[in-house]
Amino acid sequence: MTATAAAWALLALSLVATALVALLAAVATALLARRDGASVPAALLRAGAAFGATLALLTALLALYLPWAAAVA
């Protein structure tokens, strides 16, 4: 399958949206952890775990629902 500009744009937009959702989850986790009384390092550790888990999950979903992504990259 040939890669068109639209396919590249959709893939790039999907990856950016995935990163932004993961970042939003990390920020929300850090704020909730601090509000719960966790120290700053503990809150950052929880935020990093949330970021990594969200990014891994959404990337796996993208790989599942965008089967042409392997052909583009």
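In units of the rule-of-thumb radius 2.2 N^0.38 Å, the chain shows an alpha carbon radius of gyration of 1.42. For the chain, the solvent-accessible area works out to 69 Å² per residue, with a probe of 1.4 Å and every protein chain left in place. Of the solvent-accessible surface of the chain, computed with a 1.4 Å probe and all protein chains present, 77% belongs to carbon and sulfur.
The values are calculated or read from the model by the stated rules, or taken from the named source; none is laboratory data. This is a predicted model, so every value here is computed, not measured. What goes into the accessible areas is simple: the full protein's heavy atoms, side chains included, and nothing from ligands, DNA or RNA. Shrake-Rupley method; radii C 1.70, N 1.55, O 1.52, S 1.80 Å.
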